[in-house]
Amino acid sequence: KLAAKLDFPTVATGFNALGHGSDTYMSNRGKVGITAECGTVNQTERFLPLAIKTALQFLQYFGAIDETVPYDAVPQRHVNAERRIYKKTESFAFAREYRDFEPLQEGEVFATDGGEKLTARAGECIIFPRTVPVGGEACIIGRFF
């Protein structure tokens, strides 16, 4: 309910089930855990207002401040993180450069790893594609819902 009020176009869940959600500490204690990705630290001036507003909205939601911070009702898409893709060989390569949460087409080969073609299923997107050593997590595949 809280995430739906915040000013983020993408709400992603399911990271805990994959074993690497940064909100695991709170959810393991039966509490709300939210990680708000506000933007790159390389552009702090650009993203700092969103970070501050998000922190204030969080505090407001739980009645921890008296200040009123508007919720802007930003249209949101919802994604569930479903599978982790690990780099198995030195020849792992993405088919092209991808943005975080970029939708994939059903049947699209988004990467190859040795002789294996990694193919998207219907409704999937790519999350956190990155260059990693063999054995590292190259990306996460999520599904829109």
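The values are calculated or read from the model by the stated rules, or taken from the named source; none is laboratory data. What you see is a predicted model; the values in this text were computed from it and never measured. Reconstructed Cβ throughout: ideal geometry from the backbone, glycine too, with neighbour counts over all protein chains shown.
If you go through segment 49-66 one residue at a time, do you hit one that is under 30 Å from Thr119 (Cα atoms) and either within 20 Å of the chain's Cα centre (by Cα) or of a type in the set (Val, Ile, Thr) (or both)? Checked against the condition, which is being under 30 Å from Thr119 (Cα atoms) and either within 20 Å of the chain's Cα centre (by Cα) or of a type in the set (Val, Ile, Thr) (or both), segment 49-66 yields no hits at all.
The number of residues in segment 108-140 that are β-branched (Val, Ile, Thr), surrounded by fewer than 20 Cβ atoms within 10 Å (Cβ to Cβ) and closer than 22 Å to Asn80 by Cα comes to 2. The one condition from (1) under 19 Å from Thr10 (Cβ atoms); (2) in a loop (DSSP other than H, G, I, E, B) that Thr89 does not meet is (1).
Taking each residue of segment 86-102 that is on the phi > 0 side of the Ramachandran plot and looking for partners that are modelled with pLDDT of 95 or more and basic (Lys, Arg) with beta-carbon atoms closer than 9 Å, six or more apart or interchain, yields Phe101/Arg77. Evaluation of Ala95 against the conditions (1) touching a Leu at 6+ places or on another chain (Cβ under 6 Å); (2) farther than 24 Å from Ala55 by Cβ shows that the sole unmet condition is (1). Any residue at all in segment 103-115 that's within 19 Å of Ala12 (Cβ to Cβ) and not aromatic (Phe, Trp, Tyr)? Yes, because at least one residue in segment 103-115 is within 19 Å of Ala12 (Cβ to Cβ) and not aromatic (Phe, Trp, Tyr). Across segment 92-107, the qualifying residues are those that are surrounded by 12 or more Cβ atoms within 10 Å (Cβ to Cβ), part of a loop (DSSP other than H, G, I, E, B) and at pLDDT 95 or above, and the one among them that is nearest to the chain's Cα centre (by Cα) is Phe101.
Among the helices (runs of 4 or more DSSP H) confined to segment 1-84, the ones with at least 2 residues that are surrounded by 15 or more Cβ atoms within 10 Å (Cβ to Cβ) and touching a Lys or Arg at 6+ places or on another chain (Cβ under 9 Å) are located at 44-61.
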